[in-house]
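Quick notes on the structure that follows.
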Amino acid sequence: MRRDLILAGVILGLALLIGGRAPVFLTVATLDDIATDTAILAMMALAQMLVILTRGIDLSVAAMLALCGMAAALAGQALPDAPVGLLLLLGLGLGIALGAINGAFVAGLKVPPIVVTLASLSLYRGATFLLSGGRWVSSHDMPAPFREFPTERLFGVTHLVWFAVLAVLLAYGGLRFTRFGRSIYAYGGNPSAARYVGIASERVLFSAYAISGGVAGLCGALWVGRYGIAFTDAAQGFELQIIAACVIGGVSIAGGIGTVLGCLLGVIFLGMIGNALPIMAISPFWQMLISGAVILAAVMLNRQRGRAAKIILHPKPVESAR
């Protein structure tokens, strides 16, 4: 909690600093844009957090987003009268299937997560190319309701933001109040002890990757509708931003440590950086440098935090006086 408060303070200070130089940054319109632009990042970061909590990683999420988004766009092109909900369910269902493939290799065959998801990253990108034949699906090829849905407003807030709010509530409730959530933390903290107390480790791992895929698939459909285009290289490198948001938010890459609030703060931090630097007319290359420096600092901070926790949980024995 202390780390989350520090990060919240940094975000607030950064917002005031940027607002002092560019007052437009603190307007309601800009804050609304930031919330809408980071909604998909928030959803996918929360799903990635589940995987990282199990001491794993999913590098294929952006590729799954592209493949599921392409499938939804092609379905919308072929069936222009299809309901928006059906296209979203198509992305969600396909994403769950793709994530389940990753989960089967990680949980069932015990293949290291980085190997599995690095391979599936290439596999799913290739599948996107084969599915589309290398073509782009542009906005005029998609049904208008599908294009307009992500940025339509309910009670003054875009649908994308409402989806992100729902994801936050589900993640918080699932991790805090369900057996699955407790199992995620227990397995990530100590896999051997988790198995010893009867936690179904394979089921936990499989479910984490399936959820990650499902969220990526849903976000793929929302992404295509939001930006009005589907192509093979959509969201290229987006997985790095997702992982960065988790790490900045205090999710330990060693597993077992992380909160929904911290992850959300990491998303907000990256969203502020991404939206503030263009407003301040700062070069995109400086943005990359700043983001990289912040990620490195966050990793070092998490490492020190992990060492401190290890000392507290496993103190060195005190030698008795002879």
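The values are calculated or read from the model by the stated rules, or taken from the named source; none is laboratory data. Computed from a prediction, not measured in an experiment: that's the story for all the values here. Quick reminder, even Gly has a Cβ in these numbers, built from the backbone with ideal geometry, and neighbours come from all protein chains shown. Only protein heavy atoms, including side chains, enter the accessible area calculation; ligands, DNA and RNA are left aside. Shrake-Rupley method; radii C 1.70, N 1.55, O 1.52, S 1.80 Å.
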In whole percent, the fraction of accessible protein surface over the chain that belongs to carbon or sulfur atoms, probe radius 1.4 Å, stands at 70 percent
At R0 = 30 Å the Cβ-Cβ FRET efficiency linking Asp233 and Leu296, nearest 0.05, sits at 0.65
Hits in segment 9-48: amide N under 16 Å from the 7 Å Cα→Cβ extension of Ser139, namely 37
So, with points 7 Å from each Cα along the Cβ direction, the Leu131-Phe177 label distance in nm works out to 3.4 nm
Given 158-164, 29-35, the highest-first ranking by average Cβ count within 10 Å works out to 158-164, 29-35
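Rank by packing, highest mean first: peptides 80-88, 179-187, 241-249, with packing defined as the count of other Cβ atoms within 10 Å averaged across residues.
Ranked by mean Cβ neighbours within 10 Å, highest first: 241-249, 179-187, 80-88.
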Note, Leu118: beta-carbon cut-off 11 Å, +1 each Lys/Arg, -1 each Asp/Glu, net -2
When the chain is treated as a Gaussian network with springs between alpha carbons less than 10 Å apart, the largest mean-square fluctuation among Thr151, Thr27, Thr117 is found at Thr27
Rounded to whole Å², per residue accessible area for segment 172-288 with a 1.4 Å probe reads 43 Å²
The convex hull of the Cα atoms of the chain, divided by residue count, gives a volume in Å³ per residue of 160 Å³
Here FRET efficiency (C-beta to C-beta, Ile11 to Leu166, R₀ 25 Å, nearest 0.05) is 0.65
accessible surface per residue for segment 18-168, probe 1.4 Å, DNA/RNA/ligands not counted, whole Å² -> 43 Å²
